[in-house]
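I am attaching a structure below and will ask some questions about it afterwards.
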Amino acid sequence: IMFSNGETWWQQRHFGRAILQKLVIEQKDLEHQIGEEGRQLVEAFANEKGEPMDPTWHILHSVSKMICAAAFGHPFPIEDEALHTLTKHINTLVKFGGSVGAVLYNIAPTIMRYLPGPHQTAISSCEFIRSFVRKEVENHKNNGPPHERRGFIDYYLAHMKTEKTDSTSTFDDANLVQSVTDFFVTGTDAIAATLSWALLFMVAHPDIQAKVQDELDNGLESFKVVCYADRKQLPYTRAVLNEVQRLSNIKLFGLFKLCTENVNILGTLIPKDTLVITDLCSVLLDATKWETPEKFNPNHFLDNDGKFIIRDEFIPFSAGDRSCVGKPFARTQLFIFFANLLKAFTFRQPEGVEGVNTEPVIGAIVYPQPYKICAVPR
Ligand code: HEM
């Protein structure tokens, strides 16, 4: 989906988007799994007993588990160790994607392929992820159609069968493996980085953290695992999460696009075949649209009565035909994980650490600088 064009892109994108949406919105199964994983994430943090820890790995683990759940179906079929290895390879590939090495590799891939360097590790990671997915596809084929719960692979295999006689169909094993690989590579670190920023912003703004916790305490029953439908009672929590996405802006640019015909946008001619790179910061930090563009301010998403408002300028998932395929899935995970963590813990700096470093590490996905925090049970 990500790096294709034309008919292949159109078919794979529309199918991928429809199935991810169906899994998370229409079939409540996946949402329940995310809730259960939210509970396990809380448990993993609790095991750290309030000591200083880097939360990123716990979060990455939970997110890639949920992408496995969406792709492979249920019950969850993967051992912890295999999941760790998979997550490590995804993370390696994403980190490489934003490096100088990736630029060099993309300039001369045929030559670079024979030279040593970090790109060789990235190529191995990419191969690992693909062969991991390939094995799952084989398992699904060998086990036949599922009787009840389904994941993306099951839907795709069923669709391949119905399209078997259509010569224009692009549904085949290779595109199935690549679609799932796209989900892992583009989705895992994007959600994990956003949640890492969310916890860091909460440490930097204890007053805002306390307001989120007040809302969670007053708006919901005390022992309830927060689910996505609860967001309607939690406008402040929603506003905080949107503000995290706006200010952290974890994908600085949209994917590269090529202009297919001459177009005139606000008086500027963009000729056919121009390479277009959308600068998401120019909208997310636009000083003419946001009251305090560079400052963390949840009021950007609240009206005077404290009601949640939707803003057209809020485009962390980009906009248009090529916008993020995983948006509903990502938003459900972000909300459930964030709300359950804030309900269970107060996040603060380790003893003796002064100031919070909110400088970003620029890359394909923008993470905060590595940090440690304490998750103090409430
Ligand atoms: C916080 C989480 C996420 C953010 C902020 C995000 C953001 C984005 C952005 C900015 C793009 C580029 C769109 C463009 O070029 O116009 C994109 C594309 C994409 N995203 Fe996401 N994403 C997230 C999570 C996910 C997840 C969880 C999945 C799938 C499981 C996913 C799947 C994709 C795919 C397949 C594309 C390529 C779409 C295409 O080329 O047509 N994303 N995403």
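Could you state how much accessible area residue 88 has, in square angstrom rounded to the nearest 10, with a 1.4 Å probe and all protein chains kept in place?
Looks like 110 Å² after rounding.
Please report the relative contact order for the chain, taking Cα pairs under 8 Å with a sequence separation of at least 6, and give it as a percent rounded to a whole number.
Dividing the mean separation by the residue count of the chain yields 26 percent.
Could you work out Rg/(2.2 N^0.38 Å) for segment 47-132, with Rg from alpha carbons only?
Output field value: 1.33.
Still on this structure, I have one more. Taking only the alpha carbons of segment 259-378, what extent do you get along each of the three principal axes, in Å, biggest first?
58, 37, 29
Mind checking the per residue accessible area of the chain for me, 1.4 Å probe, whole number of Å²?
51
Right, something else. Roughly speaking, what is the centre-to-centre gap between segment 197-256 and segment 30-57 when only Cα atoms are used, to the nearest Å?
Cα centroid to Cα centroid, the span is 16 Å.
If the cut-off is 19 Å between C-alpha atoms, which lysines fall inside it for residue 327, apart from same-chain ones fewer than 8 positions away?
List returned: 22, 28, 65, 232, 251.
Which residues make up the longest stretch of the chain clear of GluC sites (Glu not before Pro) that lie in a DSSP loop with no more than 10 other Cβ atoms within 10 Å, not counting the sites?
With a cap of 10 other Cβ atoms within 10 Å, the longest stretch comes to 1-78.
Between residue 303 and residue 107, what is 0.36 nm times their sequence separation minus the Cα-Cα distance? Round to one decimal in nm.
65.7 nm
Can you return the aspartates and glutamates within cross-link range of residue 295? Criterion is Cα-Cα under 17 Å, with same-chain partners fewer than 8 residues away left out.
Output for residue 295: 207, 243, 286, 313, 359.
Compare 153, 107 by solvent-accessible area with a 1.4 Å probe and give them largest first, with all protein chains kept in place.
Heavy-atom accessible area, descending, gives 107, 153.
Under the Kirkwood approximation applied to all pairs of distinct alpha-carbon atoms, what is the hydrodynamic radius of segment 6-377 in Å?
Hydrodynamic radius (Kirkwood, Cα only) of segment 6-377 equals 22.1 Å.
How long are the three semi-axes of the equivalent ellipsoid of segment 175-303, in whole Å, if each is the root of 5 times an eigenvalue of the C-alpha gyration tensor, listed from largest down?
35, 21, 13
Using the C-alpha atoms of segment 126-186, what convex hull volume per residue, in cubic angstrom, is computed?
Per residue, the Cα convex hull of segment 126-186 comes to 86 Å³.
Based on the Cβ-Cβ distance of residue 275 and residue 115, what FRET efficiency does E = 1/(1 + (r/R0)^6) give at R0 = 25 Å, to the nearest 0.05?
Between residue 275 and residue 115 the formula returns 0.45.
If each Cα of segment 1-160 is one equal point scatterer, what is log10 of I(q)/I(0) from the Debye formula at q = 0.09, 0.15 Å⁻¹?
Relative scattering, expressed as log10 I(q)/I(0), comes to -0.39, -1.01.
The values are calculated or read from the model by the stated rules, or taken from the named source; none is laboratory data. What you see is a predicted model; the values in this text were computed from it and never measured. Quick reminder, even Gly has a Cβ in these numbers, built from the backbone with ideal geometry, and neighbours come from all protein chains shown. In case anyone asks, the SASA skips ligands and DNA or RNA and just uses the protein heavy atoms, side chains included. Shrake-Rupley method; radii C 1.70, N 1.55, O 1.52, S 1.80 Å.
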